[in-house]
Amino acid sequence: MNHRSRKAAIFTLAYPIVIAQLGTIVQGWADTIMVGQYGTPELSAASFVNNIFNLCIFFLLGISYATTPVVGTLFSQGKYLKVLSTLRESNVVNLLASLFIVLLLLILYLNLDHLGQPAELLPLIRSYFIVLLLSLPFLSLFNSMKQFSDALGDTCTPMWMMIGGNVINILLNYLFIFVCDMGLLGAGLATLIARVLMPLAMWLALHHGSLLRSLRSRVSSHSTFLAPRLLPLNFQLIKLGLPISIQLCLEASAFNISAIFMGWIGASALAAHQVMATVSSLAFMVYYGIGAAAAIRIAYFQGQNEWDEVRKTALTALWMSVASGVVLVSFLCIFGTSIAHIFTTSSEVAMLFLSFFPPFICYQIGDCLQITYANALRGIKDVRAMMLYAFIAYILVSLPLAYIFAFPFHMGAVGIWWSFPFGLTTAGLCYYFQFRKHYVRS
């Protein structure tokens, strides 16, 4: 396969993933803009809760990500019956994981007043927290079905489901936040309703669409898959998913635990952090879409033992991410001031937001590197080493530097953001050299 064909193959898989993720970003932007226009206390409370839930969502995403390499490898080897059974097994594993996270978050909910957040925000935090908590099992089921569909090359169906869910979320946001004057609680209810509808729509699309019908036609009998019985847990999904989840949580902790540091500085710093995190996720989701597409291709080639294509696919994805990053960062820098005032009416929050741009620009190469090679390692099912590397990069490097820069060095909120380039670049280099070991040995 030549370089142009390789880029085309990645692009064909990546663009629906990227569009879907951009739809999620638009929904996140709409949430933040609407809540920010409603009031700064609501924006600060949303920042705190979202950062906690983002950590948990990353954990649940990690569990669902295990479905992609498992299904991709089985499909490349022609084991279609096992592909079919993996869908139900993945749904069971992801649902159980979400219920475990719900239990942990309930314990945290009972101890919110011990986390050092401004007292005036606690009533807003509590109501928003509990509504988002109810949505997690539905989100996990959608993630499971999405990864299954992506692994088989159908990235368009999940794209439309995510876009539809985001449109519903935005419309209900406006209705509940402003028309019904429910504020932050209204934003939470809109998210809950959208997350309930998305897995239902995805289930209908899968079971009445061409993807499963094509798979079923390739096997002589699929009665085992269709039988209404409780499937045993697929321990391969758990074995792969847990390390991925831990790695993602360690990565997310560099950003989300930083929200606690921001709360110590003040409500304005917390609000600015929320706005910058929302804006910066635009670039992240584009890199993620390209990396996820590469992981699908890498899982297929690894199943065929074509290591040269595994290496070249990862390298192509890296350069595609870097090129996308240059365009996105240039856009955000040009329109940064206008973006700040879209998200908030507070001049203090806007100025803090703009001060985060230099560290944001600095960490883009590291972010491209770590996303590309993290996905490449998932594609070849080498996920255990990533836990150690993520621990070093984010717990031993990024978080301590965030505290040191912000408080002993008196850099304040911007100091926290200056820690991110160090953590992301460290992770990216570690993942690259771990991935390199495989194709050098081959």
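To keep it simple, each residue is scored yes or no on (1) under 29 Å from residue 71 (Cβ atoms); (2) at pLDDT below 85; (3) not β-branched (Val, Ile, Thr).
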| residue | (1), (2), (3) |
| --- | --- |
| 186 | no, no, yes |
| 208 | yes, yes, yes |
| 216 | yes, yes, yes |
| 223 | yes, yes, yes |
| 226 | yes, yes, yes |
| 233 | yes, yes, yes |
| 251 | yes, yes, yes |
| 255 | no, yes, yes |
| 259 | no, yes, yes |
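Can you tell me which of (1) surrounded by fewer than 19 Cβ atoms within 10 Å (Cβ to Cβ); (2) more than 30 Å from residue 77 (Cβ to Cβ) is the one residue 315 doesn't meet?
If we test residue 315 against (1) surrounded by fewer than 19 Cβ atoms within 10 Å (Cβ to Cβ); (2) more than 30 Å from residue 77 (Cβ to Cβ), just (2) comes out false.
How many of the residues in the range 23-62 are in contact with a Leu (Cβ under 6 Å, 6 or more places away or on another chain), at pLDDT below 80 and surrounded by fewer than 23 Cβ atoms within 10 Å (Cβ to Cβ)?
1
Taking residue 330 as the residue in question, decide whether it is more than 20 Å from the chain's Cα centre (by Cα), small (Gly, Ala, Ser), modelled with pLDDT under 90 and within 30 Å of residue 32 (Cα to Cα).
On the way: more than 20 Å from the chain's Cα centre (by Cα): yes; small (Gly, Ala, Ser): yes; modelled with pLDDT under 90: no; within 30 Å of residue 32 (Cα to Cα): yes.
It is false that residue 330 is more than 20 Å from the chain's Cα centre (by Cα), small (Gly, Ala, Ser), modelled with pLDDT under 90 and within 30 Å of residue 32 (Cα to Cα).
Let's see how each residue does on (1) surrounded by 15 or more Cβ atoms within 10 Å (Cβ to Cβ); (2) small (Gly, Ala, Ser); (3) modelled with pLDDT under 85:
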{"residue": "64", "(1), (2), (3)": "yes, yes, no"}
{"residue": "103", "(1), (2), (3)": "no, no, no"}
{"residue": "106", "(1), (2), (3)": "no, no, no"}
{"residue": "119", "(1), (2), (3)": "no, yes, yes"}
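Is there any pair linking a residue in the range 103-123 that is outside any helix (DSSP H, G or I) to one that is of a type in the set (Phe, Trp, Tyr), with Cβ under 7 Å and at least six apart or on different chains, and which?
Between residues of the range 103-123 that are outside any helix (DSSP H, G or I) and residues that are of a type in the set (Phe, Trp, Tyr), the close pairs are 116/264; 117/48.
Being assigned to a helix (DSSP H, G or I), in contact (Cβ under 8 Å) with a residue 40 or more places away in the chain and closer than 26 Å to residue 21 by Cβ: is that true of residue 100 here? Let's see the steps before the verdict.
Numbers: assigned to a helix (DSSP H, G or I): yes; in contact (Cβ under 8 Å) with a residue 40 or more places away in the chain: no; closer than 26 Å to residue 21 by Cβ: yes.
Criteria not met by residue 100.
Return the residues of the range 346-368 that are in a helix (DSSP H, G or I) and in contact with a Leu (Cβ under 7 Å, 6 or more places away or on another chain); say none if nothing qualifies.
The answer is 366, 367, 368.
Looking at the range 403-434, which of its residues are in a loop (DSSP other than H, G, I, E, B) and either under 13 Å from residue 393 (Cβ atoms) or hydrophobic (A, V, I, L, M, F, W, C) (or both)? Spell out the reasoning first.
From the range 403-434, those in a loop (DSSP other than H, G, I, E, B) are 407-411, 419; that's our starting set.
Of everything in the range 403-434, those that are in a loop (DSSP other than H, G, I, E, B) and either under 13 Å from residue 393 (Cβ atoms) or hydrophobic (A, V, I, L, M, F, W, C) (or both) turn out to be 407, 409, 411, 419.
Considering only the range 358-414, state which residues are surrounded by fewer than 19 Cβ atoms within 10 Å (Cβ to Cβ) and closer than 23 Å to residue 324 by Cβ.
358, 361, 362, 365
Just checking, which of 151, 190 is touching a helix residue (DSSP H, G or I) at 6+ places or on another chain (Cβ under 8 Å), hydrophobic (A, V, I, L, M, F, W, C) and farther than 26 Å from residue 245 by Cβ? Show your work before the answer.
On the way: 151 fails: farther than 26 Å from residue 245 by Cβ.
The unique qualifying residue is 190.
What are the residues in the range 187-214 that are more than 23 Å from the chain's Cα centre (by Cα) and of a type outside the set (S, T, N, Q), if any?
First pass over the range 187-214, keeping only residues more than 23 Å from the chain's Cα centre (by Cα): 204, 207-214.
Answer for the range 187-214, where residues must be more than 23 Å from the chain's Cα centre (by Cα) and of a type outside the set (S, T, N, Q): 204, 207, 208, 209, 211, 212, 213.
Helices (runs of 4 or more DSSP H) wholly in the range 225-333 with at least 1 residues that are without any contact (Cβ under 8 Å) to a residue 12 or more places away in the chain and either in contact with a Leu (Cβ under 9 Å, 6 or more places away or on another chain) or among the hydroxyl-bearing types (Ser, Thr, Tyr) (or both) - which ones? Reasoning before the result, please.
Details: elements: 235-256, 258-265, 267-303.
No helices (runs of 4 or more DSSP H) qualify here.
The values are calculated or read from the model by the stated rules, or taken from the named source; none is laboratory data. All values reported here derive from a predicted model rather than from experimental measurement. Because the Cβ atoms are built from the backbone with ideal geometry, glycine has one as well, and the counts that use them run over all protein chains shown.
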